[in-house]
Amino acid sequence: MEGQTSMIAIAIAIVMLIFIAIFLLSSSLGSQTSQTLKAEYRNLYAHNALLSVLRTETECGTMSDVMKAAYFGGGKCDSRKFLDSRMPGFMQDMLNATGHTDFDWFIEASPQNFEGVSLSLGNPAVKDAKEKWDARTLINWEGYQLEAKLYLMTKV
């Protein structure tokens, strides 16, 4: 009976050593992929943040409607003044709600298939930073396309 108990104990020890080896191997390989996962997370975060901000409802319509009105005219409010005064608050609320208070941002809207100037809000240094990530989407209005871009970076 003692021989059987010793064999079971040895088998359990071997199985435990195999699991420890697998764990150590997977954790050492996991650090290499963590940078890729971090980049994918930040890319997804930037796209979701841009879409969330553009779909935010305000007293002047959605933010994308306000951006269109600021660029093309019309709208319920003085859209350019509204964007200048309210966009920083909306962005800060969104960043606070997601727990990323250490991010800085810059939003730019530029014409896609016609001539015009760009509309920009936020910290312009973010656009020129090396360690930034961005998201882009198109806002359509009567055959015209306005490309909205959000640039994010970690504050220094």
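Coordinate-derived values only; no laboratory data. What you see is a predicted model, and the numbers here were worked out from it, not measured in a lab. When we count neighbours, we look across all protein chains shown, and the Cβ atoms used for this are built from the backbone with ideal geometry, even at glycine.
Values computed for the structure shown
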quantity	calculated
Residue in segment 110-126 that is within 13 Å of the chain's Cα centre (by Cα) and in a strand (DSSP E or B) present	no
Per-region count, segment 81-97, residues within 15 Å of Leu54 (Cα to Cα) and basic (Lys, Arg)	1
Among residues of segment 127-149, those that are in a helix (DSSP H, G or I) and under 14 Å from the mean Cα position of the chain (by Cα), counted	0
Only listed residue being over 17 Å from Ala46 (Cα atoms) and exposed (fewer than 11 other Cβ atoms within 10 Å of the Cβ), chosen from Glu131, Glu142	Glu142
Contacts under 8 angstrom Cβ, first residue in segment 104-130 being closer than 23 Å to Asn48 by Cβ and in contact (Cβ under 8 Å) with a residue 40 or more places away in the chain, partner loosely packed, with under 15 Cβ neighbours inside 10 Å and of a type in the set (D, E, K, R), 6 or more apart	Asp104/Lys155
Selected residue (only one of Tyr45, Tyr71 is part of a helix (DSSP H, G or I), surrounded by 18 or more Cβ atoms within 10 Å (Cβ to Cβ) and in contact (Cβ under 8 Å) with a residue 12 or more places away in the chain)	Tyr71
